[in-house]
Amino acid sequence: MIKVRKSENEADFDEGASRRILRLGLGVLWLVDAALQMQPAMFSPTLAEVWLPVAQGQPHWLAAMIIWSIGIASRHLTAFNWLIIVVQFAIGTLLLSGRTAFVRAGLWASVLFGVLVWLFGEGLAQMLAGGATILAGAPGSTSVYAVASVLLLLPAGSWPARGWRRASAPAMAAGLILVLCGALQLQSTFWTGLGLAAPFGQAFMMPQPVALRDAVNAASGIADAAPVLINALLVTALLGSGVLLCCGGAEGRPALIWVALTLVGAIWVFGQDAGMLFSGIATDPNSAAPLALLLLAGVRGCRARRGDVSHSHVRLIA
């Protein structure tokens, strides 16, 4: 048996099926973001109009940073948008390449750029402004991109459940995000009809297919009519599925992940208005999409399999 070491540039990225799902999905999401950034509205003053409300209600330091960013972007709108497009397209392409050096560069860029967009573009998903909810996109799509990128930067052997961590890495990450979203949903405003229905109402005003608009309108009406019951169910579903995932519930019952996927899918359609992809001003598919990607990776990561952990850059040749 002879060990043959391939150069980092030639070697495929060290991964099993679960990691491949997450890497490819994340790469596709960055390419979708680049395509959305090419919409005509992104090159018009509409961009500043959509971006400015992100600064409202924020701590002074964060509001000042966001307003400064808007000023820079407004003065150099075309160059700013093309820079964003190029960066997003480059990250997506690097992640899809499958080559170790390229993928790692893309992952580090994904973490850095994701955090910058989360801070300046999403205003930390309004979590410091109050009223943040998964129905409106909390905890922020690019923050989930960054989490997924960090997971992929970890050694392949760290993903299976082991020791104190009874859940696989993607299932644990998805569970913690669901718990956070459940905790955010406990805010007093979401126990009132006006507060709970507000995200649905904002989505209803956007251009979209009639069928989707009717579905969002129906969800808004139900939330307004029975806010305590609907929010209690939502909190229970988010916290319950999140805690079970973190505690390794999916390890013995993978169906739990499919239940969580159904919940996230319903939130994406009814609460997040399918990412507002038909509005002409969406910059990403919203937070439910990358969260669903983590859950899909968790389906394959529930149980460690012998073939899932490969040895980086090493192949055995008889």
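Of all residues in region 184-211, those satisfying the criterion of being part of a loop (DSSP other than H, G, I, E, B), of a type in the set (A, V, I, L, M, F, W, C) and modelled with pLDDT under 90 are M205, M206.
Within region 225-243, the set of residues being surrounded by fewer than 21 Cβ atoms within 10 Å (Cβ to Cβ), within 24 Å of R162 (Cα to Cα) and in contact with a helix residue (DSSP H, G or I) (Cβ under 6 Å, 6 or more places away or on another chain) comprises just one member, L239.
Just the residues that are under 22 Å from S110 (Cβ atoms), part of a helix (DSSP H, G or I) and either in contact with a Ser or Thr (Cβ under 8 Å, 6 or more places away or on another chain) or acidic (D, E) (or both), please, taken from region 269-297. Residues satisfying the conditions are A289, P290, A297. Do we have D214 as in contact with a Leu (Cβ under 9 Å, 6 or more places away or on another chain), assigned to a helix (DSSP H, G or I) and not aliphatic (A, V, I, L, M) here? So D214 does not fit the description; no.
Taken residue by residue, region 151-166 has no member that is buried (at least 18 other Cβ atoms within 10 Å of the Cβ), at pLDDT 95 or above and under 25 Å from D273 (Cβ atoms).
So, in region 178-224, of the ones that are open to solvent by 50 Å² or more (accessible area, probe 1.4 Å), aliphatic (A, V, I, L, M) and touching a helix residue (DSSP H, G or I) at 6+ places or on another chain (Cβ under 7 Å), which residue ends up farthest from P290 (Cα to Cα)? By that ranking, first place goes to I222. Of all residue pairs spaced 6 or more apart or on separate chains, none has beta-carbon atoms under 7 Å together with a first member in region 282-295 that is without any contact (Cβ under 8 Å) to a residue 60 or more places away in the chain and more than 13 Å from G175 (Cα to Cα) and a second member that is outside any helix (DSSP H, G or I) and open to solvent by 10 Å² or more (accessible area, probe 1.4 Å). For region 286-307, filtered to residues that are open to solvent by 10 Å² or more (accessible area, probe 1.4 Å) and within 15 Å of the chain's Cα centre (by Cα), the residue that is modelled with the lowest pLDDT is L296.
For region 119-142, taking the residues that are part of a helix (DSSP H, G or I) and without any contact (Cβ under 8 Å) to a residue 60 or more places away in the chain, the one that is farthest from L186 (Cα to Cα) is identified as F120. If you take the residues of region 5-46 that are of a type in the set (D, E, K, R) and modelled with pLDDT of 90 or more, which of them is surrounded by the fewest Cβ atoms within 10 Å (Cβ to Cβ)? Applying the filter and picking the extreme gives R20. Pairing residues of region 99-118 that are in a helix (DSSP H, G or I) with residues that are charged (D, E, K, R) and surrounded by 22 or more Cβ atoms within 10 Å (Cβ to Cβ), at Cβ distances under 7 Å and at least 6 apart in sequence or on separate chains, gives V103/R23.
Every condition in (1) in a helix (DSSP H, G or I); (2) open to solvent by less than 60 Å² (accessible area, probe 1.4 Å) is met by E49 except one, and the failing one is (2). Pairs meeting the criteria (first residue in region 163-181 and within 19 Å of L153 (Cβ to Cβ), second residue aromatic (F, W, Y) and open to solvent by less than 20 Å² (accessible area, probe 1.4 Å), beta carbons under 7 Å, at least 6 apart or on different chains) are S168/W159; A169/W159.
The values are calculated or read from the model by the stated rules, or taken from the named source; none is laboratory data. None of these values were measured; they are calculated from a predicted model. FYI the Cβ positions are ideal-geometry reconstructions off the backbone, even for glycines, and counts take in every protein chain you see. Just the protein is used for accessible areas: all its heavy atoms, side chains included, with ligands, DNA and RNA removed. Shrake-Rupley method; radii C 1.70, N 1.55, O 1.52, S 1.80 Å.
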